[in-house]
Amino acid sequence: MKKRKTVLITGATSGIGFALAKCFGKEGYDLILVSPSKERLYQTEVKLLQFMQGGKNGIVTICQDLSMPDAAQKINQQLKKKKVSVDILVNNAGVGLIGEAVTNDAEKLNQMLQVNIQAVTQLCTVFLREMYQKGGGKILNVASVGAFQPGPYTAAYYASKAYVASYSRAIRSEAARKGIQVCTLYPGTTHTNFFRRAGKKTPFWAMSPDRVAHIAYNGLMKNREIIVPGIFNRLLRLIPVKMKSKAVAVLKRD
Ligand SMILES: NC(=O)c1ccc[n+]([C@@H]2O[C@H](COP(=O)([O-])OP(=O)(O)OC[C@H]3O[C@@H](n4cnc5c(N)ncnc54)[C@H](OP(=O)(O)O)[C@@H]3O)[C@@H](O)[C@H]2O)c1
């Protein structure tokens, strides 16, 4: 019997990550779910069981806060103990931070940079090594349409996503020589817990996370370098950067 492939998804307990977990589960993948909360992992596992071909055995949960500096190493150690290897890595977990840069809370800012930048970089490094040894694998890194321009009043978040985009495209070029595919997803406004966490209302034009995940899954399978879900978000790319940046300033300023 052909061995099922395994996908590790960070931030799989809600929003786009949960929708991606459903997609991969339905397609017959085994799942490794990462979240900082045991309770949310348990609830997510229960919700996902109906989609899993491998039943309960097809899901491994890892309780890990990605804002911890050694998060990637800890995840890797746990997987080694469980003798589970990763065929696809999805770096989806991410947090936002809205407000004028000088007013950003230092601890929140640090946590965001750890989750959005450090954890993504370290997880890519750790699992790319494993994929290089195996001679195959895929990575999907979740950036944002915000990666395409500076974002006044949400400066560090937009910059963190620009980092993800640049880093992902660079390692894509390196890893292609080893038969590994690295793709980047640039979601626009999506109906998830993201805005609630940042203390804001989700805008009415938000896309559904299931739709975003479906497009992301197909883009990854087709090895698309840049995956921008939705015609509106794709059209946004045509607007001059200065104009978009001014619009962000108006939208994000209280
Ligand atoms: N929603 C949008 O409009 C939008 C637009 C562009 C890009 N994005 C990007 O899309 C990705 C997914 O976000 P979403 O919209 O689906 O938001 P979400 O519903 O808030 O989900 C975020 C996920 O990240 C996890 N997470 C947060 N902090 C973490 C930490 N310290 N350690 C480990 N996991 C952590 C959460 O886990 P717990 O809930 O268990 O804590 C949750 O599963 C993010 O990278 C975000 O930047 C979102």
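No lab work stands behind these numbers, since they all come straight from the coordinates. Note that the structure is predicted; figures quoted are calculated from it, not measured. Virtual Cβ from ideal backbone geometry, glycine too; neighbours counted across all protein chains shown.
For this structure, a couple of remarks:
- Each Lys or Arg adds one and each Asp or Glu subtracts one; over the other residues with Cβ under 9 Å from the Cβ of Ala19, this totals +1.
- Protection-proxy order for peptides 149-156, 203-210, 98-105, each taking the mean of Cβ atoms within 10 Å per residue, highest first: 149-156, 203-210, 98-105
- Screening the chain for DSSP H helices whose Cα atoms reach 24 Å or more along their own axis and whose mean Kyte hydropathy is at least 1.0 gives nothing.
- Note on Ser173 and Lys56: with the Förster distance fixed at 41 Å, the Cβ-Cβ geometry gives a FRET efficiency of about 0.55.
- Overall, the chain carries a charge dipole of about 640 debye about its Cα centre when +1 sits on the Cβ of Lys and Arg and -1 on the Cβ of Asp and Glu, all other atoms neutral.
- Between segment 210-244 and segment 76-93, the alpha-carbon center distance in angstrom: 27
- Normalised contact order of segment 6-252, rounded percent, pairs of Cα under 8 Å and 6 or more residues apart: 19
- Packing rank of 109-119, 126-136, where each peptide gets the mean count of other beta carbons within 10 Å, highest leading: 109-119, 126-136
- Packing here is the average count of other Cβ atoms within 10 Å per residue, and on that basis the peptides 170-178, 235-243, 40-48, highest first, run 40-48, 170-178, 235-243.
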